[in-house]
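**Q** Got a structure for you, written out below as structure tokens; questions coming shortly.
No lab work stands behind these numbers, since they all come straight from the coordinates. Nothing here was measured: the structure is a model prediction, and the numbers come from that model. Here Cβ is always computed from backbone atoms with ideal geometry, including for glycine, and neighbour counts include all displayed protein chains.
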Amino acid sequence: MKKVFLPFAIIFLLLFLSLFLFSKPKEEETKEEKKEKIEKKQENTMKKYSFYKSENESRYLAYKQKNKTLSEEDIIVRVNIGLDQPYYTNTQEAPLLNTPYTLVNKYYYLREDFLPDNLEELSEEYSKGGIYLVKEARDAFVNLVIDAKKENLTIRAISAYRGYTYQENLYHNYVLQDGIELADTYSARPGFSDHQTGLAVDIDNAVVNYNNFDTTKEFTWMMEHMEDYGFILRYPKGKENITGYRYESWHYRYVGCDIAKKIKASGLTFDEYYMKYIDS
Ligand SMILES: [Zn+2]
């Protein structure tokens, strides 16, 4: 045993010594090298997120520089939405048309001639009249109204699908009334309206003005049950800088039960949820 072991021990010792003797002395790292190393490491840590897009790399880094308190996840999500650029820049056509997942905001638009498939009218039992939603959303909304009624609550649709031209006139009038800057905080430019998807619905309780919907019992009920019917609050309070719109207690968007429940549990806006889990 000893005879076999000894040569190996000598070789090992020699190898160890040579490594020690011939290794270069460590050079002092320059400030520039250190900075580069840190930046590279940070950049790499962002890459681990499934929603990281390599084509947005320089935008992530620039946005991070300006928003040092934001988490890496938020940096990536917000840049993916387009929030590192002013509203209505780098706009692109909304993908996933005619699904409950269509994202329309100040960066994703619908073409002038886009008309959702299967638009159906809501009867006056459930609306103000002359209101249309995509069938899947309409059926879900009808069930919601019926179930709310069982608890003596009145919910009705006051506006749902709005075509491009309708929105064009609406926005134009708001601009004349309040100026572009203010109008942009509450009204979508034509093509950029959630209402053109046929999946969005504004509601009231037929008594209180829709602007004060959040003071009603119906609003409280909506906050507790909307996700069971596939609806979410599209423009929540405190998320104005992400949605690009002021808080709207009356505007609901159909996304399907599964995603509505996940959005409610996560506390994310649809824009953020979309970038994290729907966008591919
Ligand atoms: Zn609305």
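**Q** If you count, for each residue, the other Cβ atoms within 10 Å and average over each peptide, how do 198-205, 234-241 line up from highest to lowest?
**A** 198-205, 234-241
**Q** Students often check this: by mean Cβ neighbours within 10 Å, which of 171-179, 47-55, 210-218 ranks highest, and how do the rest follow?
**A** Highest mean packing first, the order is 210-218, 171-179, 47-55.
**Q** Could you state the orientation-averaged shadow area of the convex hull built on the Cα atoms of the chain, in nm² to one decimal?
**A** The number I arrive at for the chain is 24.8 nm².
**Q** Angle check, please: helix 72-81 long axis (alpha carbons) against the longest principal axis of the chain (alpha carbons), in degrees 0 to 90, nearest 10.
**A** Helix 72-81 sits roughly 50 degrees off the main axis of the chain.
**Q** Additional query: Just to confirm the number: angle between the C-alpha axis of helix 257-266 and the first principal axis of the chain, 0 to 90 degrees, nearest 10?
**A** So the inclination is approximately 60 degrees.
**Q** Treat every Asp and Glu Cβ in the chain as -1 and every Lys and Arg Cβ as +1, leave all other atoms uncharged, and give the resulting dipole magnitude about the Cα centre to the nearest 20 debye.
**A** Here the chain has a charge dipole of around 1740 debye.
**Q** May I pose another question? Rounded to the nearest 0.05, what FRET efficiency is calculated for Tyr166 and Thr215 with R0 set to 22 Å and r the Cβ-Cβ distance?
**A** E between Tyr166 and Thr215, to the nearest 0.05, is 0.20.
**Q** Rounded to the nearest 5, what % of the DSSP beta bridges within the range 110-271 are antiparallel ones?
**A** Among the beta bridges of the range 110-271, antiparallel pairing accounts for roughly 95 percent.
**Q** Taking the range 109-151, which trypsin sites (Lys or Arg not before Pro) meet the DSSP loop condition and have no more than 15 other C-beta atoms within 10 Å?
**A** Arg111, Lys150
**Q** How many angstrom lie between the Cα centre of the range 81-143 and the Cα centre of the range 211-280?
**A** Each part's Cα centre sits 14 Å from the other's.
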